[in-house]
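The next block holds one structure in the form of structure tokens; read it before the comments.
Nothing in this text is a laboratory measurement; each read-out follows from the coordinates by a stated rule. Owing to the predicted nature of the structure, the values given are computational and were not obtained by experimental measurement. Note: ideal-geometry Cβ built from the backbone for every residue, glycine included; neighbour counts use all protein chains shown.
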Amino acid sequence: MKIVVSIKQAPARDSLLRVNSAGTWIAEDDLAFEINEPDAYALEAGLQLREKHGGEVIALCAGPARAAQTIREALAKGADRAIHIEEENLGALDPLAVARLMANAIEPENPDLILTGLQSDDLGYGQTGVILAELLGRPHATIIMQVEVKDGSIRVKRELEDGWFQHVEMPLPALLTIQSGISKLRYATLMGIKKAKTKEIRRVVGQASGLFPSIEMSKIYIPPRTKQAQIFDGPPQEAARKLVEKLKFEARIL
């Protein structure tokens, strides 16, 4: 069973974030990076499926040269080989453009299953996986909690709202976006780290210059911190009425 797992390099979750001088994204000069957490669970799901059913796991990562560190981490955890879509301006692309880069790299592999994280920790669009499935013409399902492989098909468990779940049977090949927390993540062993140095990484030129994003990040900023207290005078019923009006029409939480 050939499984491609999409991973993204994202700022470490405990990083102190600052807006860059242009106000268009965060300053990355002094940041530490790691595997996007939802993608780490997708990688774990892929490794467990390979252990049960055989085959290989291929880590796919689009990003600048520094993303090689994240790719090596995936290889150290057990991925058999990797594909690095080298793209220095990945942050300027929208989910559709990123999915097109990924689709071009995946098509020659013709995998049985493609796994992605539900969303990224930095942008959180939650769109790249399903767009990729549409570009490749594959059935897909999202928010996956469990995967069972059958003869030529899979049965998945989807998380819905209010504690409800949905079980769906799908043909292969397919694409799934994996929910965080579905299993315990493994650590890279010392032997795994040593083996990662010799595993294959196929590098692909991104060619994002030919892609035209449909959305653009024009500005990001830190919300201003303000404190304001308001006292409602008058009888309790009148004060309560004024409070409800404020909560409903200004705060918009009722």
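The one condition from (1) part of a loop (DSSP other than H, G, I, E, B); (2) closer than 21 Å to GLY137 by Cα that VAL168 does not meet is (1). When each of LEU132, LEU172, LEU118, LEU113 is tested for being more than 21 Å from the chain's Cα centre (by Cα) and hydrophobic (A, V, I, L, M, F, W, C), the lone residue that passes is LEU172. Can you name the residue in the range 208-238 that is of a type in the set (A, V, I, L, M, F, W, C) and exposed (fewer than 10 other Cβ atoms within 10 Å of the Cβ) and, of all such residues, is farthest from GLN127 (Cα to Cα)? So, considering only residues that are of a type in the set (A, V, I, L, M, F, W, C) and exposed (fewer than 10 other Cβ atoms within 10 Å of the Cβ), the one farthest from GLN127 (Cα to Cα) is ILE231. Selection of the range 9-36 for residues being surrounded by 15 or more Cβ atoms within 10 Å (Cβ to Cβ), out of contact with any Pro (no Cβ under 9 Å at 6 or more places or on another chain) and under 27 Å from ASP80 (Cβ atoms) yields ALA10, ILE35, ASN36.
Taking every residue in the range 167-178 that is farther than 7 Å from LEU113 by Cα and without any contact (Cβ under 8 Å) to a residue 40 or more places away in the chain and pairing it with any residue that is of a type in the set (S, T, N, Q) and assigned to a strand (DSSP E or B), at least 6 positions away or on another chain, the pairs with Cβ-Cβ distances below 8 Å are GLU169/SER153; MET170/SER153; PRO171/SER153.
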